[in-house]
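Before any comments, here is the structure.
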Amino acid sequence: MASLPGWRTLPPGAVILEPGSSVRYKTADWRTLRPVIDQEKCVRCRICWTYCPEPAILELEKPYTAKSGRTYRVTYEIDYDYCKGCGICAEECPVKAITMVEEVR
Amino acid sequence: MSSFTIASIPREELLAPGHRMCQGCGAAIVMRHLLKALGKDVIIAHATGCVEVTTSLYPETAWRVPWIHVAFENAAAVASGIEAAVKAMKRKGLLSKEKRVKAVAIGGDGGTYDIGLQALSGMLERGHDVLYVLYDNEAYMNTGIQRSGGTPLYAWTTTTPVGKLWRGEWRRKKDIIGIVRAHGVSYAAAVNFAYITDFYAKVKKAAEIEGPAFIHAYSPCVPGWRHEPHLTVKIAKLAVQTGTWVNYEIERGTFRVTTPVPKRLPVEEYLRLQGRFAHLTKEEVDTVQRMVDEDVEYINRLAGTVVIGPVERKS
Ligand SMILES: Cc1ncc(C[n+]2csc(CCOP(=O)(O)OP(=O)(O)O)c2C)c(N)n1
Ligand code: SF4
Ligand code: SF4
Ligand code: SF4
Ligand SMILES: [Mg+2]
């Protein structure tokens with residue numbers, strides 16, 4: 001069993017000193033459907049990123065050139081460590097660039 | 001204000017993933033953008049409820065700003081104390097006078113319409129420089145979907161069940177902004193994240209104004225409203241398009257609808273996506289429609305013009 005911090009090592013008053021430490025808890029196994037972004041179709045509108053409740057969509061400074069020749073400065077990628085598979089991103093994508101596929105583990 | 005677009009939303013996340021809010025939770029979307037709009041110089045007092053318990057599973061936290069877990073009824077009182085403490089620190093030279101640190105209280109509908117109402121009223125009455133944010137998922141969700149003063153007519157909850165005698169909630173949702181407004185606050189607004197730039201404009205304005213301000217945020221709940229998790233944003237948009245939810249603000253007494261809806265959709269389109277309304281008969285849907293019509297009429301009267309139009313039926 002993983003060892004948990006004992007009461008002697010915890011700060012008094014239930015103070016948590018590390019901001020955003022919930023990142024240690026991965027919520028990936030909540031997911032039964034997995035969103036997959038088609039980078040060719042994606043028009044970088046930022047809507048999926050805006051509405052992910054986790055957040056589990058990363059906006060990366062990663063240039064991308066589509067087959068059409070169109071170049072984008074950013075790339076949206078799913079953070080599969082935290083995505084819970086709600087499907088909001090796929091529902092809201094205006095160009096249907098995101099598909100929900102069955103999660104196979 | 002209108003120059004704020006979706007591209008202006010800051011990239012930095014002040015709410016970390018790993019929180020345990022449900023798949024598709026509307027409150028998670030509210031919190032993410034609330035924090036982005038407020039920025040880092042805030043101290044939050046958070047009433048217990050879904051968001052509070054799912055973001056602070058000891059010894060970890062999802063918050064990247066100073067945040068205090070308070071009781072169910074006293075978020076507004078604790079935030080008032082934070083504001084007083086910041087003032088005292090400035091007076092004693094412990095904090096630069098120029099530094100603006102905003103005290104923010106967050107509560108659910110149970111924590112605001114019901115048990116925290118007295119603390120809220122006191123905070124507004126005393127005129128604290130505090131922003132109070134109500135995320136309204138229309139029931140006590142954290143403890144298993146009990147009705148609150150924010151639960152709408154006919155909604156199924158575990159304490160307003162559906163059977164032969166009961167048809168879900170039989171009372172109308174309380175006008176919480178009306179109650180806040182009666183205290184004469186400088187700023188109160190209703191926000192819906194489906195209209196994200198409006199959401200940012202209002203939160204920023206509410207935080208900048210000196211004195212008490214109030215934000216009422218629409219917040220769909222997957223298990224409580226019994227809707228599909230992927231429909232959270234769609235339902236939020238339909239709430240506005242049907243006139244069930246109106247985006248407006250009251251700034252120093254001036255009332256303004258910020259999302260006009262020239263043609264409304266029938267309320268049935270909003271109700272039918274949610275299992276909490278699945279038991280409604282045709283007559284009951286008509287009753288809800290009449291109630292929304294009345295509410296819209298009231299809004300138009302306050303606006304002094306028809307900003308929310310009549311229902312247009314698709315034939
Ligand atoms: C004085 C008191 N009564 C009851 C509770 C139990 N309790 C904790 S959260 C909660 C419901 C919160 O409802 P709401 O404010 O609507 O937030 P939500 O969970 O819906 O987000 C209740 C009843 C409590 N913590 N303290
Ligand atoms: S499925 Fe839901 S949790 Fe996963 S990336 Fe899309 S919006 Fe985020
Ligand atoms: S919503 Fe669709 S088009 Fe827009 S950024 Fe996301 S994947 Fe790309
Ligand atoms: S019960 Fe509702 S409000 Fe609470 S975490 Fe789940 S979806 Fe969010
Ligand atoms: Mg609630």
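The values are calculated or read from the model by the stated rules, or taken from the named source; none is laboratory data. Because the structure is a prediction, the values reported are computed rather than measured. Note that we place each Cβ from the backbone using ideal geometry, even for glycine, and neighbour counts take in every protein chain shown.
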Would you mention how many residues in the range B:219-262 are within 16 Å of ligand 5 (Cβ to nearest atom), in contact with a Phe, Trp or Tyr (Cβ under 7 Å, 6 or more places away or on another chain) and away from chain A (no Cβ under 12 Å)? 2
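Hey, among B:81, B:18, which residue is at pLDDT 95 or above and more than 13 Å from chain A (Cβ to nearest Cβ)? Talk me through it step by step, then tell me what you get.
On the way: B:18 fails: more than 13 Å from chain A (Cβ to nearest Cβ).
Only one candidate passes the filter, namely B:81.
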Condition (residue is crowded, with 16+ Cβ neighbours inside 10 Å and within 16 Å of ligand 4 (Cβ to nearest atom)) applied to the range A:64-75: is it met by at least one residue? no
Cβ pairs under 9 Å, 6+ apart, first in the range B:135-149 and touching a residue at least 40 places away in the same chain (Cβ under 8 Å), second within 9 Å of ligand 4 (Cβ to nearest atom) and among the polar types (S, T, N, Q): B:135/B:219; B:136/B:219; B:137/B:219; B:138/B:219; B:142/B:54
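Residues checked against (1) surrounded by 21 or more Cβ atoms within 10 Å (Cβ to Cβ); (2) more than 16 Å from ligand 3 (Cβ to nearest atom):
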position	(1), (2)
B:11	no, no
B:26	yes, yes
B:43	no, yes
B:49	yes, yes
B:57	no, yes
B:71	no, yes
B:75	yes, yes
B:87	no, yes
B:98	no, yes
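So which residues in the range B:150-170 are more than 16 Å from ligand 1 (Cβ to nearest atom) and either in contact (Cβ under 8 Å) with a residue 24 or more places away in the chain or among the charged types (D, E, K, R) (or both)? Show your work before the answer.
Initial filter on the range B:150-170 (more than 16 Å from ligand 1 (Cβ to nearest atom)): B:153-154, B:161-168, B:170.
Once the filter is applied, which keeps residues that are more than 16 Å from ligand 1 (Cβ to nearest atom) and either in contact (Cβ under 8 Å) with a residue 24 or more places away in the chain or among the charged types (D, E, K, R) (or both), the range B:150-170 yields B:153, B:154, B:162, B:164, B:167, B:168.
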